[in-house]
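Enquirer: Quick one: this structure, given as structure tokens, is what I'll be asking you about.
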Amino acid sequence: MDQVIILAIESSCDETAASVVVDGREVLSNVISSQIDLHKKFGGVVPEVASRKHIEKIDLVIDEALEEAGVTFSDIDAIAVTYGPGLVGALLVGVAKAKALAFALNKPLIGVHHIEGHIAANYIENKEFKPPFLCMVVSGGHTHLVHVKDYNRFEIIGKTLDDAIGEAFDKVARAIGLGYPGGPKIDKLAPLGNEDSIKFPRAKVSGYDFSFSGVKSAVLNYLNKCEMKKEPIIQEDVAASFQKAVVEAVVEKTFLAIEKLGLNKLALAGGVAANTKLRSRMQEECDKKNIILQYPSMVLCTDNAAMIGAAGYNEYISGVRHGMDLNAIPNLKLTDKDI
Ligand code: KG4
Ligand code: ZN
């Protein structure tokens, strides 16, 4: 078969992104227009502001992606777009644009699940990496342990019962005055602190599920207590101790699950997979247990459209085509059993 060139669009949260991907693994361009500076002053993503900014940027980002890739619309074989989960207004901008392009150019339209995209980011830099494997999806909205049985066959082994891990990073960062987005800031500050200085409790959740609201509350309580006692708050120590607590919880469940499933490959996905401590702890454990670890480079961990092109290709190959009735689904599930 000839090569398949996909134009992919991502606008589920605060990045407007477009990418041209060949055969799901070769990225010709990966353009990301981040709204971080815009949302910083509000301490988090403001959905209405995000939607408006996506509208302003989407054409520019698509044009740039095509130009950088050295292709024109006529070279494109299909249009892939994130249609959920995410902020509905933000998703709608990408979905409407993708539908308009697919209709005008008479090309197939492929709706992609955002998390399937994060998982597929792992295929881009290692052309040999393929299912089956266990994937630890850690993002601002998800903490899912996913058994990737095939390119588009998933089973959810465990997930958070409350906050997503990225949400916990962001809330704790805000509470200690680091601002938004918190994950990268905690990552940078933590090595300067003592991770054993404060004992934040790790939630005892049965099976392969997670909970992060307890540790988040414990941090908030600790900060309140310090303030009341007029004791100094050492940001570095709080960041390091919090990070240790959540990373260890994720590591523990991941290896319980991988042993149960008898898999020998582990992948990390989502924004929090950019975390230095998480990567190094996972690598240590994988080395001990002879498990192959795969994770995307930083830029492919956080939201981007190349990952949507990678996942879109897998869907395209398996025959998935969406119609002009494709809609944004803010709580789109990865599998039927994902509730
Ligand atoms: O995957 P992503 O870009 O967007 C969602 O789909 O949610 O993930 C964003 C999340 C944010 O919570 C952000 O703070 C976190 O990923 N994050 C990090 C790091 N980089 C981004 N968390 C910890 N360490 C990092 N280096
Ligand atoms: Zn994401």
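The values are calculated or read from the model by the stated rules, or taken from the named source; none is laboratory data. Just so it is clear, the model here is predicted, and its values are computed rather than measured. Glycine also receives a Cβ, built like all others from the backbone with ideal geometry; neighbour counts cover every protein chain displayed.
Enquirer: Could you list, in sequence order, the residues of region 45-60 that are touching a residue at least 40 places away in the same chain (Cβ under 8 Å), out of contact with any Ser or Thr (no Cβ under 7 Å at 6 or more places or on another chain) and not in a loop (DSSP other than H, G, I, E, B)?
Expert: Matches in region 45-60: Pro47, Glu48, Ala50, Ser51.
Enquirer: Now for a separate question. Whether any residue in region 74-84 is small (Gly, Ala, Ser) and either part of a helix (DSSP H, G or I) or more than 30 Å from Leu134 (Cβ to Cβ) (or both) is what I want to check.
Expert: Yes; the residues of region 74-84 include at least one that is small (Gly, Ala, Ser) and either part of a helix (DSSP H, G or I) or more than 30 Å from Leu134 (Cβ to Cβ) (or both).
Enquirer: In region 15-56, which residue that is among the charged types (D, E, K, R) and at pLDDT 95 or above is farthest from Asp303 (Cα to Cα)?
Expert: Asp23
Enquirer: Would you confirm whether any residue within region 270-285 is under 28 Å from Ala69 (Cα atoms), away from ligand 1 (no atom under 16 Å from the Cβ) and surrounded by 15 or more Cβ atoms within 10 Å (Cβ to Cβ)?
Expert: no
For (1) within 16 Å of ligand 2 (Cβ to nearest atom); (2) buried (at least 24 other Cβ atoms within 10 Å of the Cβ); (3) farther than 25 Å from Met324 by Cβ; (4) among the charged types (D, E, K, R), each residue gets a yes or a no:
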residue: Leu87; (1), (2), (3), (4): yes, no, no, no
residue: Ala100; (1), (2), (3), (4): no, no, no, no
residue: Gly117; (1), (2), (3), (4): yes, yes, no, no
residue: Glu125; (1), (2), (3), (4): no, no, yes, yes
residue: Asp170; (1), (2), (3), (4): yes, yes, yes, yes
residue: Arg174; (1), (2), (3), (4): no, no, yes, yes
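Enquirer: Going by the conditions given, is Phe154 among the aromatic types (Phe, Trp, Tyr) and more than 17 Å from the chain's Cα centre (by Cα)?
Expert: Judged against the criteria, Phe154 is not a match.
Enquirer: Something else about it: Given the conditions (1) touching a Gly at 6+ places or on another chain (Cβ under 9 Å); (2) modelled with pLDDT of 95 or more; (3) in a loop (DSSP other than H, G, I, E, B), and given that Arg202 satisfies all but one, which numbered condition is not satisfied?
Expert: Single failed check for Arg202: (2).
Enquirer: Report whether or not Val71 is within 28 Å of Tyr316 (Cα to Cα), touching a residue at least 24 places away in the same chain (Cβ under 8 Å), assigned to a loop (DSSP other than H, G, I, E, B) and in contact with a strand residue (DSSP E or B) (Cβ under 8 Å, 6 or more places away or on another chain).
Expert: yes
Enquirer: Say we look at region 37-73 and pick out the residues that are under 18 Å from Val22 (Cβ atoms) and touching a helix residue (DSSP H, G or I) at 6+ places or on another chain (Cβ under 8 Å); which of these is nearest to ligand 1 (Cβ to nearest atom)?
Expert: Ile62
Enquirer: What is the residue count in region 142-152 for residues that are modelled with pLDDT of 95 or more and either farther than 30 Å from Asn221 by Cα or more than 15 Å from ligand 2 (Cβ to nearest atom) (or both)?
Expert: 7
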